[in-house]
1. Against the condition over 24 Å from C:PHE54 (Cα atoms) and surrounded by fewer than 20 Cβ atoms within 10 Å (Cβ to Cβ), how does C:GLY147 come out, does it pass?
2. Do we find that E:GLU124 is among the charged types (D, E, K, R), surrounded by fewer than 20 Cβ atoms within 10 Å (Cβ to Cβ) and within 19 Å of the chain's Cα centre (by Cα) in this structure?
3. Just one of (1) within 20 Å of E:ILE169 (Cα to Cα); (2) open to solvent by less than 70 Å² (accessible area, probe 1.4 Å) trips up E:LYS190, so point out which.
4. Of all residues being in contact (Cβ under 8 Å) with a residue 40 or more places away in the chain, assigned to a strand (DSSP E or B) and away from chain E (no Cβ under 13 Å) in the stretch A:157-204, which is nearest to A:GLY224 (Cα to Cα)? Just the residue, please.
5. For C:LYS148, state whether it is more than 8 Å from chain B (Cβ to nearest Cβ), more than 25 Å from C:LEU17 (Cβ to Cβ) and at pLDDT 95 or above.
6. Going through E:LYS12, E:LYS2 one at a time, which residue ends up being at pLDDT below 95, farther than 19 Å from E:ASP236 by Cβ and surrounded by fewer than 17 Cβ atoms within 10 Å (Cβ to Cβ)?
7. List the residue pairs whose Cβ atoms are under 9 Å apart, where the first residue sits in the stretch A:12-28 and is on the phi > 0 side of the Ramachandran plot, the second is of a type in the set (Val, Ile, Thr), and the two are 6 or more positions apart or on different chains.
8. Please go through the stretch D:172-212 and pick out each residue that is more than 21 Å from D:LEU137 (Cα to Cα) and among the acidic types (Asp, Glu).
Amino acid sequence: MKINLYKILKNKKVLYLAYDQGLEHGPTDFNDKNIDPEYIINIAKKGKYTGVIFQKGIAEKYHDKIRELEIPLILKLNGKTNLVKGDPVSKQLCTVKEAIRLGAVAVGYTIYIGSKYEDEMLQEFEEIQRQAHEKGLPVIAWIYPRGKSIKGKSKAKLMAYASRIGLEIGADIIKISYNGNLKDLKWAVKSAGKTKVVIAGGIKKQEKEFLKQVKEIMKTGCIGLAVGRNVWQAKDPLEITKKLKEIIWKK
Amino acid sequence: MKINLYKILKNKKVLYLAYDQGLEHGPTDFNDKNIDPEYIINIAKKGKYTGVIFQKGIAEKYHDKIRELEIPLILKLNGKTNLVKGDPVSKQLCTVKEAIRLGAVAVGYTIYIGSKYEDEMLQEFEEIQRQAHEKGLPVIAWIYPRGKSIKGKSKAKLMAYASRIGLEIGADIIKISYNGNLKDLKWAVKSAGKTKVVIAGGIKKQEKEFLKQVKEIMKTGCIGLAVGRNVWQAKDPLEITKKLKEIIWKK
Amino acid sequence: MKINLYKILKNKKVLYLAYDQGLEHGPTDFNDKNIDPEYIINIAKKGKYTGVIFQKGIAEKYHDKIRELEIPLILKLNGKTNLVKGDPVSKQLCTVKEAIRLGAVAVGYTIYIGSKYEDEMLQEFEEIQRQAHEKGLPVIAWIYPRGKSIKGKSKAKLMAYASRIGLEIGADIIKISYNGNLKDLKWAVKSAGKTKVVIAGGIKKQEKEFLKQVKEIMKTGCIGLAVGRNVWQAKDPLEITKKLKEIIWKK
Amino acid sequence: MKINLYKILKNKKVLYLAYDQGLEHGPTDFNDKNIDPEYIINIAKKGKYTGVIFQKGIAEKYHDKIRELEIPLILKLNGKTNLVKGDPVSKQLCTVKEAIRLGAVAVGYTIYIGSKYEDEMLQEFEEIQRQAHEKGLPVIAWIYPRGKSIKGKSKAKLMAYASRIGLEIGADIIKISYNGNLKDLKWAVKSAGKTKVVIAGGIKKQEKEFLKQVKEIMKTGCIGLAVGRNVWQAKDPLEITKKLKEIIWKK
Amino acid sequence: MKINLYKILKNKKVLYLAYDQGLEHGPTDFNDKNIDPEYIINIAKKGKYTGVIFQKGIAEKYHDKIRELEIPLILKLNGKTNLVKGDPVSKQLCTVKEAIRLGAVAVGYTIYIGSKYEDEMLQEFEEIQRQAHEKGLPVIAWIYPRGKSIKGKSKAKLMAYASRIGLEIGADIIKISYNGNLKDLKWAVKSAGKTKVVIAGGIKKQEKEFLKQVKEIMKTGCIGLAVGRNVWQAKDPLEITKKLKEIIWKK
């Protein structure tokens, strides 16, 4: 089965707008504007993002707008709150079939490697990956090392391990966190083989520092970025979007 | 699929009569009159409640009366006793299909966020939400922060987080507890986006104080109230009902 | 669907013969006579019991005799030994379909409320209740408070809570233990609403004391008794049966 | 449905050859000869055993030989190693359908009563018993008290309890360990009702002592023996087999 | 059903190229060349390996190359990272059906005997073995003693136990670790009966020492070797391959 990766790529590069923080962290990340999913949808439209990442609830309640504006929807299929202590587990909260019904062109799933619930997430991912590929839908894996077991381990090694796992379990794209070392990221990208690597934007940074890092990232073979807070917390989201796009697509 | 929300709304507002305390707390909340489900059904009828909340057993045993009086039935699909110590878990005790067979026009489900069993409830909710929406049935999520992990956390933040989760997981209406701060509740309502917010009545209060609070609540964008003990423990349930309706619908 | 309750009632009253102690306590309750299921079947027949309670194995191995004598079979669908320490859990050991195949006219299930496995039993009960009602089969719930969490709690409150749970989860009949206080039992019966209440006989007592208690019980609205050891451990099981029937049906 | 018990009985008596020790204890029980399943198959054939007990793997790999020699195959459906510490759990490792495909005329399953995993094994047994009986296949339950909870309990009572459980859960035959007391075993056999009792041979004993015990056993109503090490660890397995058969069938 | 073992055998001997280390250990085993699956595929092709072992992700992403070069694909159906502490559990990450779709001619599965999750892996293996055999696909079991319970146990006994388990659970081939004692391995091979034994190459060794060990192994009845790091970490993988083949097939 051919995987329709082209629907979330543009000239083999990507810029995704992530907006699953409401479930993961609560509205604490939001202000009066960006708390509204329509605000995000408008940024995605005007900024011509190659994908926007929502949970099922938002995809369903704001379905008409998403459809009308032809936003390329990436449905995040699992999630959790940040309230529960201990090793993290994030379980499936939307089926592949439901994602397709909601118009998704790709699905995403987070795996916390090193967590004592790692096996549960690997198994849920397996089923999702298989079901999505049966329908030609690309699968993006968020892979983050977490839990007691990983304490004290090398961040460089964990980053490369996360990337490699993405390849071994059949993700089409993986989203990982950048440790800040260019050489390490190159090795991580190499470890991922034919699986493409996207970097998570993370918490809000100074614009200058952030753009510098994006330039670095784009030299390693990564195909792009998934941004959230650095864009929709910005004073002018479209301006920072424009700058990111110039770096990614080297216009 | 269109969700038939209109069946449990009246002019976009609601007043629900909750009566699942028998399972949740035992008959300790009841007296000789309100221990009888028929007493509640009569209040619901005469008070023209926009919904009455029962567990499967009551919906089944008092089915003829509910049907005859055309009570809008909201079936609570999960429940637990208050006997077990430790982090709470409330599991599914009625299927969506069964709820429909019993004449329900909406279904409800409680999620204890922060509990170490949070993931189990989120997953059960996901299936219920999907099955209900396939049939056009609205889904109400009771979302309450609970368990060891939430100790010491800000009530305002938890209230907003609960609301946001309702949106992210696809509830049509959420029922939350009010922390008593008007500004916080406004933020919580905003966090819920297109998901509507209903406030839980909670334990019996002085009428004056209670009505004052309801007035406050109705200024925040909440669509109404789910009351139980404050009505059916009242000397004259229909009188307090009348006052509540005047506030909610501003007659 | 109509529930065929009439098959285990006689003039709205009941006298059941319980014989699931072999699994629950071991043969320690038995002597050379009552260890034989045929001995029990004969008592049930001659005593015209309105129901006799067996586990699947006995129902299957003694099927011909049960059928020949037209014994109204109540199949107990879950069970456990008394060997395992800690909070009790009793899981399903016979399907509803199998019970019907074995000729059962009703099914039973035990729920230990307050046990940390309470949720597992409530969920198994839910499925059984639904499947049985689909076939018109009445469901009897044995509801007993157990486990670490209930220590020190009021027996009166627990008895009423057990009864109410029976109603909320959709049991047709509940079997509870009597705390010995008439007023408390009346409240428990009231808490059960349209769900009928049967009292468990419990360990062997002095006949006089036992009959006195039964008389009391029958004044509270309970529909009868489920007896075991007080009958089949008696010197003359039919004599005590006769006395019980006189009380229950006031002949 | 008629259970085809006759396929593993001869004049209502049995002598089974058990060979599941490879999984349960490892090859430590074996020598250069009896490590080979064909050696066992030949003993079973020449000794005219009424059944031989294998795990799926041996039944499959030595299928041609088993079929050619018309060995009555009893497939053991669960198993575990002896490597894991703590309360034992033995899970299903072969389906009933697969057993039938492999030519089994009966199936076996071990339940460790008193283990904290008792409920899991009781539930797996339930499904197996039902599926096997649907196909007319007899079910043998190995029932052994194990785990922390049973420490200090009376062996006589546990033996009778094990037997009774076999009846209550619907086993056709149970295999238990003999505590060495004739009166206790008689009570255990009586506790089993219509379920037949077979004694496990256990570890290798002096021949004289072993045969004396078998004579005792056959006076209690037991229908025979399941032997393993006492036969295939013997210098001349067919000679000891002959002696056992003389006792069991009193030739 | 006939098992098509011939597809992964050559004159009854084997040399497999294992490349599942990316998931099991991370890219830490790799260098700039062997991190690329295509490098491995080329070694497999030129070295005429009788099988190459991949996880689903690599089999899918490098499918065209594997197919074009007609590499005999052995799909590893379970896996885990080495990040999680405590007793290991490795769960199924690819279905048998999916393996067949990806062109696999055999499937593999790891069981950590002695781990407290042993039962979960034995049960997953059972299902895989059954499904694979239904389609004529051979099943290779990696069997390694692991976890707290096995500490201090004899490596010779564990090696023989691992082998025997392979037979009892129905593996066609088992892959075990060699303890370095020729006599012990002979006993292990004997314990495996008709199940064939393959030795795991393990960590990179001095070539001379490694080849000496392989010669030893081939005298015990083992059918060959599964190599990974000793080949693809070698300066000239094809040269060491050639030497291994000369030993295995005694050219």
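The values are calculated or read from the model by the stated rules, or taken from the named source; none is laboratory data. Not measured: the values here are computed from a predicted model. Quick reminder, even Gly has a Cβ in these numbers, built from the backbone with ideal geometry, and neighbours come from all protein chains shown. Ligands, DNA and RNA are excluded from the accessible area calculation, which covers all protein heavy atoms including side chains. Shrake-Rupley method; radii C 1.70, N 1.55, O 1.52, S 1.80 Å.
1. On the way: over 24 Å from C:PHE54 (Cα atoms): yes; surrounded by fewer than 20 Cβ atoms within 10 Å (Cβ to Cβ): no.
Considered against the rule, which asks whether it is over 24 Å from C:PHE54 (Cα atoms) and surrounded by fewer than 20 Cβ atoms within 10 Å (Cβ to Cβ), C:GLY147 comes out as no.
2. Details: among the charged types (D, E, K, R): yes; surrounded by fewer than 20 Cβ atoms within 10 Å (Cβ to Cβ): yes; within 19 Å of the chain's Cα centre (by Cα): yes.
Yes, satisfied.
3. All conditions pass for E:LYS190, except number (2).
4. Among those residues, the one meeting the criterion is A:VAL198.
5. Details: more than 8 Å from chain B (Cβ to nearest Cβ): no; more than 25 Å from C:LEU17 (Cβ to Cβ): yes; at pLDDT 95 or above: yes.
No; evaluated as a whole, the condition is false for this residue.
6. Numbers: E:LYS12 fails: at pLDDT below 95.
It is E:LYS2.
7. A:LYS12/A:ILE223; A:GLY26/A:THR81; A:GLY26/B:ILE165
8. Selection gives D:ASP184, D:GLU207, D:GLU209.
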